[in-house]
Amino acid sequence: MRARLTLEGGECVPPSFDLSPTGQPVTLGRSRDNTIVLRDELASRTHAKIYFEDGCWHVRDFGLNGTRVDGHRVNGATELGNGQRVKIGEVVLKFVLEPKSPPQPVKETPDTMPNRVGQESPHNATKVYEVPLDRLVSTDPPPDQMAKQLRVDELTALCKFMTGAVETKTPHDLISFALRAILNQTAAKLAGYLSLDPENPGPKIVMPESAAIDIPLSRRLTAQAQKNGKTVWLFPDLSASHPPTDSLSAFADAICIPLKASGEPFATLHVYRTGRAFVERDVRFIEAVAGFLAHGLEILRTRRTLEAENSRLRTHIPAADDIIGGSNAVILLRQHILRAAPQPFTVLVQGESGSGKELVALALHRNSRRAEGPLVVVNCAAIAPTLLEAELFGYKKGAFSGADRDRPGLFQQADEGTLFLDEVGELSLECQAKLLRVIEGKAFRPVGGTADIKTDVRIVAATHRDLDKDVNAGRFRQDLLFRLKVIQVRVPPLREHPEDVPELAAFFLAKVSNECRRNFKLTTAAMRNLRAYQWPGNVRQLRAAIESAAVMSEGDTIDADAIPLTGLTKLAPVNVGGPPADVPPSLDMDEVETWAICRAIKQTNGNVSHAAKLLNLSRDTLHTKLKKLKDKGIDRHALTNTPGPVGAPKPITATEM
């Protein structure tokens, strides 16, 4: 029973179509893959299907906006009668049954040439037969070949997405832009992005924004995509033995694609649809967007890393890139860093000014799982309380006077990396409250923004203040302190590891020699003075003293008098049996040795191992010499003012020796 569809309202291609019971079902929709392409915004990509079954013609609805037959909405499928009108959006098609008639031979004329097969030129006419028009409407390749390539509208949408993606500035904007492109092109119900970080499975971004914020993204599909490293398409594998999970029970089909650029997958892209399943070309389009999104996120992360490193080097120049020293104190510090770095928790670095807290933060970042992400350094003391919110969380164009463009905040700049809050103890109480909120929830809204943003940032804070005392004095919030000091790292002052002074001095001297294109050297007396001072300004002050002496020196040899030590506190001179003197009492080798041992013991606060390093002796050799000194009445405990064993002999003075 042949029939015909004829356009009566709206726009479609072709405007009329012959239906054959023996032909393929006829699809109607916005996509060019359909038999009849509807030019209407309310039409879905594949909106309806007309097919012949049980001796009757039927229409089945797949569209989100519904299909009507003579004004009645189609629920599932309904039979079509002669003269009825099918309405989709503003497109109206009239269904007319035609009497069955056998094919008739026709003469070859120019008018019939477009609908004939096997015809020759009019001057050598041959008998031809009519061919059903539905076999000549489309010149597309077979469906199995069409599924392997994108069509014009899909390529246009893909190019539009790529063009807009290169202009995005933040990962959140790029992800949202990709999800919107997928929703617009595939008529999916929901699209989402889910991080695969096991310690922080977020951010989770779900589009459209009107969707419920608690919609779960299937963990089963996520685990399968992560394990296999390839696309998981639910519909082809859906069967009674593999029913959809509760999170997918409301959807007809689902796609999960792992996102990976240069390594293992770091996130998954979820796309869910209601009403009908995805087609092969939908999957290919989503895969193309996912591939571009993965590399785009990697490029954004690399760019933000370089920008943060450039900013850090320009505004925060540390003494070195690595922690220098081989003392026990420095070795213990390195061990603490290596244990704390892989953890996702906040770290509070405490130490005196100039001791190297920023180097510790840099080491924590480089040894963490975020080493490829940016390290953003913030001097909290330099941020005015009125500007803190805009600096940390960013702002939108027009949010306040002077906001002529969107600006991402420091948390967005540090996304997938580390945010180092230097001198966090200098923040005002108002600023502390705002910082606590974002550390607790890790979600914030830019100034002038309408949507919350969630970033993946690790906080490392540093201070030279005693925050416990500040809490008792009401200058620092106790709840913020609890959140900051999940892991505590103490940086020792330079006076606690003076044996590292020669190595530090040599490093700074080599650096200033390279910058000045000279070959500076320190005399023995100069090095002795450097080791004899406590350096209240720590490593920063040591560096400044050496650079000042080198720049102001007329020659390449720097003597003790050339080093500016004004304002520094000398170690008290000590004598044998008491504090060691600056010089040995005589040039007698035994007295020089006794003086050197007493000096080393005093300088290292009684630490035999450190003293042995200063004297270039083995620990056993120094113990033997200390035993001999004890037999002479010189006790090392008396040198450091620490309690000695009960009954220890009274130390003697140098004159008694």
Apply the a/c threshold of 1.5 to the C-alpha gyration tensor of the stretch 1-73 and tell me whether it is rounded, prolate or oblate. prolate
Loop-only trypsin sites (Lys or Arg not before Pro) in the stretch 1-72, please: DSSP not H, G, I, E or B, and at most 14 other Cβ atoms within 10 Å. 39
Within the stretch 393-543, what whole-number % of the accessible surface is contributed by carbon and sulfur, with the 1.4 Å probe and all protein chains included in the calculation? 45 percent
Under the 0.36 nm per residue contour assumption, what length would be gained going from the current alpha-carbon distance of residue 400 and residue 4 to full extension? 136.3 nm
Low-density loop cleavage sites - GluC sites (Glu not before Pro) in the stretch 479-536, where at most 13 other Cβ are within 10 Å (DSSP): none
Mean projected area (nm²) of the alpha-carbon convex hull when the stretch 354-448 is viewed from all directions: 6.8 nm²
Just the accessible area for residue 590, please: 1.4 Å probe, Å², rounded to the nearest 10? 100 Å²
Provide the three semi-axes, in whole Å and in decreasing order, of the ellipsoid equivalent to the stretch 492-535 as defined by the square roots of 5 times the Cα gyration tensor eigenvalues. 21, 12, 7
Residue 169 versus residue 219, label points 7 Å from Cα toward the beta carbon: distance in nm? 3.8 nm
Accessible surface ranking that places the most exposed of 56, 12 first, with a 1.4 angstrom probe: 56, 12
Nearest-10 value in Å² for the accessible area of residue 44, using the 1.4 Å probe: 10 Å²
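Rounded, prolate or oblate for the stretch 285-435? Axes are the square roots of the Cα gyration tensor eigenvalues, ordered a ≥ b ≥ c, and the cut-off for rounded is a/c under 1.5.
In terms of gyration-tensor shape, oblate.
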Please give every one of the aspartates and glutamates within straight-line cross-link reach of residue 204, meaning a C-alpha to C-alpha distance under 18 Å, and leave out same-chain neighbours fewer than 8 residues apart. 173, 214, 298, 415, 416, 440, 452, 456
Pairs to check: 260/357; 49/189; 602/630; 434/485. Give those whose C-alpha atoms are more than 27 Å from each other in this structure. 260/357
For the stretch 443-570, shape from the Cα gyration tensor axes a ≥ b ≥ c, cut at a/c of 1.5 then a/b versus b/c, turns out prolate
Restricting to DSSP loop positions (anything but H, G, I, E, B) with no more than 12 other Cβ atoms inside 10 Å of their own Cβ, which chymotrypsin sites (Phe, Trp or Tyr not before Pro) remain in the stretch 349-419? 400
Grab the beta carbon distance between residue 367 and residue 624, set R0 = 45 Å, and tell me the FRET efficiency rounded to 0.05. 0.65
Once fully extended, how much extra length lies between residue 382 and residue 156, figured as 0.36 nm per residue of separation less the alpha-carbon to alpha-carbon distance? 76.5 nm
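The values are calculated or read from the model by the stated rules, or taken from the named source; none is laboratory data. Treat the numbers as computed from the prediction; the structure is a model and nothing was measured. For neighbour counting, all protein chains shown are included, and Cβ atoms are generated from backbone atoms with ideal geometry for every residue, glycine included. Protein only, heavy atoms only, side chains kept; ligands, DNA and RNA dropped before computing areas. Shrake-Rupley method; radii C 1.70, N 1.55, O 1.52, S 1.80 Å.
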